[in-house]
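Remarks on the structure that follows.
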Amino acid sequence: VQLQASGGGSVQAGGSLGLSCAASRSLLSFSEVGWFRLAPGKERELVAKIVGAERTTYADSVKGRFTVSRDTAGDSMFLQMNSLKPEDTAVYYCNAVQSFPSRRNYWGQGTLVTVSS
């Protein structure tokens, strides 16, 4: 599967952005879909993911501010980011995990989010 992320940009602290990730085929058969980010000087970290049909997991730093979702057809996923902070500045990557027949990660190309104070 190919993933294409979009929606990044620059925003002031307190603002909102929405990221989208379009998949070349349905992601409904994937065990996990979600978003990671990579900030300068930091390691890649999980932002939010959907496990199975609807169980969501969020990084503590984004709980209550970010919402991960996907459409009913399963070929797109989204990350709504509200109350953005400068520390949210990073390149955001969408991710899909295939568990069968073997575990494999698929990544989008990344989209830059810059939050200014």
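When the residues of region 23-37 are narrowed to those that are among the small types (Gly, Ala, Ser) and farther than 20 Å from Val113 by Cα, which ends up least open to solvent (accessible area, probe 1.4 Å)? Taking the candidates together, the pick is Ala23.
The set of residues in region 102-117 that are closer than 20 Å to Val33 by Cα, assigned to a strand (DSSP E or B) and open to solvent by less than 50 Å² (accessible area, probe 1.4 Å) comprises Tyr106, Thr111, Val113.
Scanning region 68-101 for residues that are of a type outside the set (Val, Ile, Thr) and open to solvent by less than 10 Å² (accessible area, probe 1.4 Å) returns Gly74, Met77, Leu79, Met81, Leu84, Asp88, Ala90, Tyr92, Cys94, Asn95, Ala96. Only one entry in Gly64, Gly52, Gly74 is free of Cβ contacts under 8 Å to residues at least 40 places away in the same chain, over 23 Å from Ser117 (Cα atoms) and of a type in the set (Gly, Ala, Ser), namely Gly52. May I ask you to verify whether Leu79 is assigned to a strand (DSSP E or B), farther than 15 Å from Val1 by Cα and either touching a residue at least 12 places away in the same chain (Cβ under 8 Å) or out of contact with any Pro (no Cβ under 9 Å at 6 or more places or on another chain) (or both)? Yes: the conditions hold for Leu79.
Considering region 45-66, and only residues there that are open to solvent by less than 40 Å² (accessible area, probe 1.4 Å) and farther than 14 Å from Glu87 by Cα, the residue that is nearest to the chain's Cα centre (by Cα) turns out to be Ala48.
So that you can scan it fast, the table gives a plain yes or no per residue for (1) among the aliphatic types (A, V, I, L, M); (2) within 20 Å of Gln98 (Cα to Cα):
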| residue | (1), (2) |
| --- | --- |
| Glu43 | no, no |
| Leu46 | yes, yes |
| Thr56 | no, yes |
| Ser61 | no, no |
| Arg65 | no, no |
| Ala73 | yes, yes |
| Leu84 | yes, no |
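The values are calculated or read from the model by the stated rules, or taken from the named source; none is laboratory data. Bear in mind that the values here come from a model prediction, so they are computed numbers and not experimental data. Here the Cβ is made from the backbone with ideal geometry for all residues, glycine too, and neighbour counts use every protein chain on show. Protein only, heavy atoms only, side chains kept; ligands, DNA and RNA dropped before computing areas. Shrake-Rupley method; radii C 1.70, N 1.55, O 1.52, S 1.80 Å.
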